[in-house]
Each structure stands twice: as structure tokens, then as C-alpha cells.
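Heads up: the structure comes next, in C-alpha cells.
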Amino acid sequence: MRTERNESLELISLRTLYANKDAVWRTAVVQIIATLMIYIKTGHPIYAGFALGFFFTILARTANTTAFEQTDFSNAVPANLKIWEWRYLAGALTTCVLLGMLCFVSIYVLADPSAAITSVIIAVASMVALVTRNYVSPKVVIGMSIGILAPLFVTFILLGGFYNWLLALLILPYFGSNIGIASNLRQSLFDALSGKRQLGIVANNFDAALNGMPQGLLMFDSSQRITVANMRAAKMLGFDHPRQLQGRTLETLLRLAQLRDYFPENELGALRVKIRDLLAGSKQRDTFVSPTNRHYEFTATPDPHHGTVLVMQDVTRRADAEAQINRMARFDSLTGLPNRSQFAEIANTYASTVQLGTQIILMVVDIDGLKRTNDTFGHRIGDDLLRAFADRLASVDASHPVISRFGSDEFVLLFSAASHEEAMQCVERIMAAISGQYIVSGHEIMTGVHSGVAIADVAKFDLAAMHMNADLALDVAKKKTQKKWAVFVDTMDHSFRSKQRLKADLRRAIAEGTLSVAYQPIVNVRTLRMTSCEALSRWHHPEFGSISPAEFIPMAEEMGLISELTRSVIERAVKDCSKWESRIAVSVNLSSHDLQNMDMVNMIHSTLRQHDIEPHLLEVEVTEGAIITDREMTGTVLAELKEYGIQVAIDDFGTGYSSLSYLKDLPVTKVKIDRSFIADIAKEGRSLKLLRGIVQMSHELGLSVTIEGLETNEQSELIKQWIGAEYVQGYLYGAAMSADEIVKLLDIPMEQRLLAVAGDLAPSLH
């Protein structure tokens, strides 16, 4: 008899589970519509996939329910009933997993606030229905709870941070609460059916379970009177016990709440309208903020035969989190200033807030040396400096200022002035205010700034155009002005466009190999024989003529094309050197970018092998400025080249940074002394002594010396008699020339070479 009684209870449980077909359909429709709304809002196809998942799941569950209703259970055994329970769980669990994954995708993967809110609302509403519909089966309640809450738990853990981890931990008692509520309801029902408990005990257990719910619950009958209420709902509405709510209409309930001073009149009216709409079925969900600044979410489940169930949930933490996320998306977390997107929103409506005829000024401000401050004092002091700078910028004397931080050291300021003259005065005051000394955590930090300024009449205000113009003015301020700021003028735009065109032409010229290479002879001081020549890149523009290397080489570095240019020069120089029958060597210049990886080393090796050139016939020249970028990597690259037999020279020696340390630490074979050291050696005795001292020091280190910039016979005689350098290079012995002209010089007798080069070539190239 015990077995039969248990089977009967199991069958009753199954019928209770499968009796919710209509409610399950309504819930599924809500889930599908809500998911499609997210898809329409975000445009992301994954939400259409979720909608399809909910649709096919409800179809499968409906088919399963129909099969259950058509099955004869008069002779059913427990094993068969378990199968039907598992079939129900499979469909319910699929729905819950979809809900959980919907929350995971919306909150963590895509991080869309509106999608996240909608997804969590759907999941929470489903959790409430989960207990009330399925409490008869522990497996179903546990499985569905895990299906929804596990992805949420993982989501908050992956988001990281104390607040998110706390939310994840709070899911665990919520899960336990659902299980406990379902267990209490199930036990109460089974006790009543089996006759083991009195009806009063069942009612008490039901009350305990109902009052233990984390959500507030009100059940209204068809005349909109409250028939069921729990403790949570009473507290939310300002009452002490659920009995104070039962039997009352909505109007009576709200009037009592007003008499208790829980709701002010204006807020009470708003709440009345919201709940009326929910009970009437015109809305399914709504939110309300209480006088104590608590955020509540109302969810209504209408039933035409039994009234409406209204579920109330405190979502204050979620609302606060959303507000924090919204602030993080709009404001800079370090300074509290509007970020780029928020600034654009404010600035685009700025013109409507000022009078016609007003001048609008946009300043782009860069802090000088922020990286140096971070390296010297640490990033914490650097952050404090940025906050102090933002505070000082916010206190400037300007009309209607809008201030934003765009990047690590870039700030943007938008304000207005009555005239152009007043605007210029404002800029002067602002620059004076934000430049100078800052006291940060006990450190005195001198801070300079550069600024680009764009000014426009309010009628012609265009934020994008002004920002671009201010950036152009900032570039000019960094390069050409002493007062550290510049106002945009039309010529800047013309210069910018011309430079952009020249960049495009240079990119094309490098890609097509139309740049040429010229060679300047390097002569032995004693024999006056040309021992090598320096390969120099030349660009003849089809429209603008010859472009100076001083212009296009920095441009190539700025565009990231310098290594391609270096490769083309090396390939051409090595190829030409192969035609000189190993009689002279050739030297090429390497940039700082060329020295940052081993690709250049491999390319040089490959080129030498291709043209069958001995490594000692190639010399690479590097400036001290190129070495300082990454000294360790530079040393590795140069060591590889020297080990292969290639000569290494320090170019423009004496004009850079720590010259002597480079000679000591790097694998250098030659020093090329800059032309500035011999400019006045014929007139200034100190220059002659300094030059001789550098040459002697280099010789003691085992390095040969080339002196650049030789232009007069007097300089040549002084170098030969007093300096002792091995090689010279300059216009006196020949300017840069083509490879064919180099070949011609090889065939000229040694006694005539100086006359040929100095007499025929030098004048034409001055």
C-alpha cells in the first residue's frame, strides 16, 4: 500500500507539472518577444538565434505536454512516471539554459546595457514562475534554477571586481532560497494530500514559504482586491504585516500608504498609474523609485479567471550598477571629466546655448613630458598630476566651458567669447594658468603644455571641422612657435593637404622603386684615393622637382616606410658596388627603426650573397639618435652585422647624447665626425684642438675616423698636418653623384682625381 500511495503522489506531481501549458506558452511568448526586441534594439543576430531557440523549445514542450495528456496512466509504474518527469525537465531546463546564456551574452560578451537589463528582467520573472509552477518536483526546481543562475554566476565572476563577485556570491543564497521555498511548498502539498498534517499546518507552511520569498507578491482577484500578500510586499509598501493588505483594493491600499507618510502625493499618483496599467494588462513590467530611493520592479501575470499576480522586486543594486556602468561609459575614470563620446554629445548642442554673433573656441591641449613624469616619479604621481591638471583646467576663467579628457595627456576645452580679441585673451589666460609648477604628493613638477586653437562664429560652428583644425594648429605649435600655442589659419590646412599629398606620392615612389641613389666619395687623406662612398637616397618629384632628403626621410619615418626605403637603398648600393670590381666600398645609413629587429640583418646578408659582394665592402652608418631608441636591441643588431664582417660607423659623432659610452659599449669600427667640428678650424684654435682630441681618443680605442663636411683646401691641409684622421668627405672632393660617375672617377689617374672632382663636379652641386 505504501508503494501505491507514493505512486499516486508522483502522478499528482506530474499532473501539476504538466497543467501549466497555457502559462508556459504565455511565458514563452513574452520571452520570444523580449528577445526580438533586444535584437531590434542592438541589431545583433545572436538574439534572433535566442528567439528561435525559445520558439522551438516551446514547440517541443507543447508536443510533450500533448503526449502526456493523451497517455493512460492507470497502470503506470514508477519507472514510467520518472521518464515523464525527466522529459518535462529536459524542456524546462532548455528554456532556463537559454535564459541564463542570454544574460551571459548580454552582460559579459556584448556588454550592452539595454540588452542586459531586458535579459535579467526575463530571467528574474522566470525564476519567480519557476518556483510557483514546478515546486512539486525537486529535480525540476534544482535543474531549472541551475540553468538560469549558473550562467549569471559565471558572468559576474568573469566581470571581476569586488562588486561583481559580491553579486555572484549573492546568487548562492538566492538559489538556496528557491530550493527551500519549493521544498516547503511541495512538502505542504504532499502532507495535505497524504493526510499527515492538518490544514492549518499546510497554511502555516505556505505562509512561511510565501513570506520567505525575496520578492514581494500580491494576488488580486477579479475585482482587484488583494487575496494573498507576503511580508516582503507589505514592507515594500510601508506596512508591518501582510494582513494589513489582504481584502483591500488598490485605491484603499495607496491611501493608507499616503496617510502613513510613506509616499508623497506626487509620487503616489505615479505609482497608482503604474499599478493600474499592470493590473489592466496594458503592461507586464514597470519600475518605480520609492521615497527612500529604492528601485522596485513590478511584474504582472494576469489570469482572466482568478485575477492577477503582481510580483515586486528590489532592484536597487542592479540600478546602481547600471548607473555606474553608464557613468564609466561617459566619463573619464581618472579625472571625472567627460570622455570623448560624452564631450561630443554636449558639444554638438553647444551652439544652441550661446547668443548669435558669439565666437566659439575649441582648444586641444597636450601636456609636455607626461611619460617622463611617469618614468621619474611613477604612474601614481603621474595620475595625481593629471587630476591636478584637470582641476586647474576646470577652474579657468572662460564662458560656458566644456572640458574633456581625450587621451593620456590630451585635453579638449570648448568655450565662448564675445569677440576674436576676447577669445585670444582667454587663451592667453588659460595657457598661463595651466602651465608652470604643480605640487603633487610633495613633489614639485614643472609642467609645460602645447595647445592648438580653432575659433569660429556660432553660426558656422562645426565640431568635427574645428577639432581637426585645432589638431593642425597643435602640430604647428609643437614645431614652430615659442609661445606654445597656435590659432588655426587656412594656410595650415593647405600645408596639411600638401603634406598629405606628398606622403601619398612618397608611398607610391617607394613602392614603385622610382627613388634614386647618389654616392658621395670618401677619400683617404694621405693618398687622396677614393676608398669608399656613401649611398644617399634622392627623390625627384615629377611635379615639384627635387625633394630634399631632410624633408622626405623624416616623412618616411613618420609613415612607417623608412625600412622599405632603407632596403631599396641597400639593394641598389650593393648592386652598384658589385660593378666597381671590389675597388671601393659603399656605406649606407640605418634608421632607428631598422635597428629594432633582425629582419634588416637577414636582408643585408641575403643581398650581399645575391650580388657576391664581400661583407667588408659594406659599411652601415648609424646616428646617436637612432641608437638611443633601444640600446640593447641596437647593440644586438650591430654585433650581428660586425660578426658577419660588415663595418659599423657612428655617423654625425658629437652631436647626439652620450657619445663616449657608445664608443665603449657598441661594436663600432669607425667614427664619422660631424661637419660642425671643422667649420671654423682655420680661424678658431680651440676647434682645432677639440677635433684633434676626438681623433686621438678614437684612435686609442682602435677606431678609424672620417671627417665630414670638408669644403676648402685650407681645411684639408690642417686635417692632413694636425688632425691625423684617415678619411675625409665633403664638397672639396666631390658631392653626391651617380653610380656611373663613380665608375668614371675610378679610371682617372690618382694625380688628376682631386682636380677632376673639385673642378668639374663640386661647383655644379653647390
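The length gained by stretching the chain between VAL743 and GLU711 to full extension, at 0.36 nm per residue less their Cα-Cα distance, is 9.2 nm. Relative contact order for segment 416-475 using alpha-carbon pairs under 8 Å, separation at least 6, rounded to a whole percent? Value for segment 416-475: 25 percent. What number do you get for segment 379-448 when its Cα radius of gyration is normalised by 2.2 N^0.38 Å, N = residues? Taking N as the residue count of segment 379-448, the ratio is 1.19. Taking packing as the residue-averaged number of other Cβ atoms within 10 angstrom, the listed peptides 537-547, 307-317 run from highest to lowest as 307-317, 537-547. Here each label is just a point 7 Å from Cα along the line to Cβ, and for HIS611 and ASP490 those points are 5.0 nm apart. Full extension of the chain between THR349 and LEU701 gives 119.9 nm of extra length, using 0.36 nm per residue less the Cα-Cα distance. Summarising the label geometry, the points placed 7 Å from Cα in the beta-carbon direction at TRP165 and ASP462 lie 5.2 nm from one another. In segment 35-145, carbon and sulfur make up what percent of the accessible area (probe 1.4 Å)? Answer for segment 35-145 is 70 percent, counting heavy atoms of protein chains only. Here the extension length gained between THR527 and THR42 equals 166.7 nm, from 0.36 nm per residue of separation less the Cα-Cα distance. The lysines within cross-link reach of LYS503, meaning a Cα-to-Cα straight distance under 30 Å and a gap of 8 or more places when in the same chain, are LYS371, LYS478, LYS479, LYS480, LYS483, LYS484, LYS575. When the P(r) is computed for segment 26-149, the part past 18 Å accounts for 54% of the Cα-Cα pairs. Close amide-amide hydrogen proximity is noted between THR358 and VAL458, each under 5 Å apart and 5 or more residues distant or on a separate chain (H modeled in the peptide plane; Pro and chain starts excluded).
Give the Rg/Rh ratio for segment 414-517, taking Rg as the radius of gyration of the Cα atoms and Rh as the Kirkwood radius, to two decimals.
Here Rg/Rh amounts to 1.14.
Taking 7 Å steps out from each Cα toward its Cβ at LEU356 and LEU334 produces label points 4.3 nm apart. Each 10 Å bin from zero holds the following percent of Cα-Cα pairs in segment 28-86: 21, 33, 20, 17, 7, 1.
Amide H to amide H distances under 5 Å link ASP368 with GLY448, VAL449, HIS450, where only residues 5 or more positions off or on other chains count and H is placed in the peptide plane.
The values are calculated or read from the model by the stated rules, or taken from the named source; none is laboratory data. From a predicted model like this one, the values you see are computed outputs, not experimental measurements. In this analysis, Cβ positions are derived from the backbone assuming ideal geometry, glycine residues included, and neighbour counts consider all displayed protein chains. When the accessible area is computed, the model is the full protein with side chains, heavy atoms only, and any ligands, DNA or RNA have been set aside. Shrake-Rupley method; radii C 1.70, N 1.55, O 1.52, S 1.80 Å.
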